[in-house]
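What follows is calculated from the coordinates using simple rules that are stated; it is not laboratory data. None of these values were measured; they are calculated from a predicted model. Here the Cβ positions follow ideal geometry from the backbone for every residue, glycine too, while neighbour counts run over all protein chains shown.
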Amino acid sequence: MTDVPTTVEEAAARLKERLYATITMISVVIGLGASGHVDAVGAAATVITASVGLWLAALVADQQAHRVVHGALATGRELRSVLFVNSPLLLSAVGPLLLIGISALGVMALSTALVTAAAVNVATLFAWGCYGGIRMGSGTLFALVAGVIDAAIGTAVALVKAVASH
């Protein structure tokens, strides 16, 4: 299996999962930061648990859908596609874990690491929105508007989580 999608549909589904995981991770790290009662080990465990939990839920849902539609489990090529498409759910933990690790080394406070992880994820949403706008060929202004809209969604998730966690 290669890391290159074999179909446009797989590439689109993989990006959808990546965006979903990015938004979810914003909520997770903001929730951790707002709690004020977590250490680096607990934060890392929560990020890993959230990421693996999302990935497992997606695999179960995809297998269930495949069984219902095809009357059999996904195997071979179909299973590889499911694993490929859903892998960004695991990758979403990498950035926050690196920042949590940096905070564990004393380079920055954990709360700073968690807010930074959220900010990086919001910036990632902006970049994906811009890239999508560019790919549509609608010009720079449209690409920037698309990026701002995506970043606004990530920011709104962070704000709602921060307010709800207090």
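Is there a quick way to get the dipole size of the chain? I mean about its Cα centre, with the Cβ of Lys and Arg at +1 and of Asp and Glu at -1; what is the value in debye to the nearest 20?
Value, rounded to 20: 100 debye.
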> Given Cα pairs under 8 Å that are at least 6 residues apart, what percent is the relative contact order of the stretch 1-159?
Replying inline: 29
> Which value in nm describes the separation of the simple spin-label points at Tyr20 and Arg80, placed 7 Å from the Cα toward the beta carbon?
Replying inline: 2.3
>> How long are the semi-axes of the equivalent ellipsoid of the chain, defined as square roots of 5 times the Cα gyration tensor eigenvalues? Whole Å, largest first.
In response: 29, 22, 14
> Along the charge dipole of the stretch 19-166, which of Ala162, Ser35, Ala93 sits closest to the positive end, that is, farthest toward it, with unit charges on the beta carbon of Lys, Arg, Asp and Glu (+1, +1, -1, -1)?
Replying inline: Ala93
> Where does helix 8-35 land angle-wise versus the long Cα axis of the chain, in degrees 0 to 90, nearest 10?
Replying inline: 20
